[in-house]
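Every number in this text was worked out from the coordinates using simple rules, so none of it is lab data. Predicted, not measured: the structure shown is a model, and the values here were computed from it. Note that we place each Cβ from the backbone using ideal geometry, even for glycine, and neighbour counts take in every protein chain shown.
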Amino acid sequence: MINNRSYIKASLMVFAVMLILVSSVKSFAQAGQFSFQGNIGLVFPYDQLKGSEYVRYDSAGYVFIDSSLFGRNFAAQPGIMLSGSAKVNFDNYEITKAVFSFSFSGFNSFQSKRSGTTLVRFVNNTYQPRPIEYDYSFSNVGLGIGLEVAPTSFTKLISPYFGANFNFNFFTADLTRRSGFSDSISANLNSFRMGVDFNAGIEFRINESIGIVAGAKYDLGNLLLSETVRDGYIEWGSKDANLNDEEGRYVSNLYYPVGEGYNYFQSDKKKMNWGSFYLGVTFRPFYEKPSQKKPKTNTKTLLYGFI
């Protein structure tokens, strides 16, 4: 279990490591050329990261937050993925490479807001119906370090590749409730996790400097540092609650009519895994063709020839 202070220390350590690695790209490039790749694609949640819905409608038609949200799943839906990477060659044929990557996975990108009527409890303990609108998003920012192998890259034509990365993942969940122009409140959850991804694709070279890529990636997002804050709060107005992806319980007021009290809720163990399909472009801005060295003229041989 880690507290907020440990989370901040871990984040600073990750940032420092990435700065060192990025600054070392130039020295690595002395042993081989390097390239950049940018991708855009679709991302699909799996396991307990995925959820069918984050709201529920009761028998009377009133809408509330479903109690499975954050307890049994994270209600993530398909969305958009953006990523970029710098690749440093280990050999002159571009077969093996070190990869430093950045990615953003914005789940729920295509999910519309949920609206309806809910109940509001007043100070005299009476409940009155009021219009309500809910919005929810789940996202991840990942920083990765890994290796890639492209066995036919030396052909400079069509090159399949595959690799794996160790990732530092920064997850964020945002749930917003709006019942009027001036009445809006949200619950925000943030957690740092470590995981790995497996990446495979194929590159089609347009010329020596540019290529088109298509590929797929599968992420295991919370292999390390998954946790629950025992009896921690996930409530309206919270700015930095924990994702609670381990077994345990938490205290919340999200699932009741507006103005209702708190209760304990069970948190299940949850895997945060997802897959991505993408298209992209590879740039080799410093590509140099192999130099064509001219044979040296032997002066002594020419002199003997004239003699």
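Just check segment 107-182 against the gyration tensor rule for me: Cα atoms, a ≥ b ≥ c as the square roots of the eigenvalues, rounded for a/c under 1.5, and otherwise prolate or oblate depending on whether a/b exceeds b/c. Note, shape of segment 107-182 comes out prolate.
Under a 5 Å amide H cut-off, with hydrogens placed 1.01 Å from N, Glu260 pairs with Arg121 among residues at least 5 apart or on other chains. With the highest mean first, a sort of the peptides 99-105, 118-124 on other beta-carbon atoms found within 10 angstrom per residue produces 99-105, 118-124. Separation of segment 76-132 from segment 216-271 is 17 Å, based on Cα centroids.
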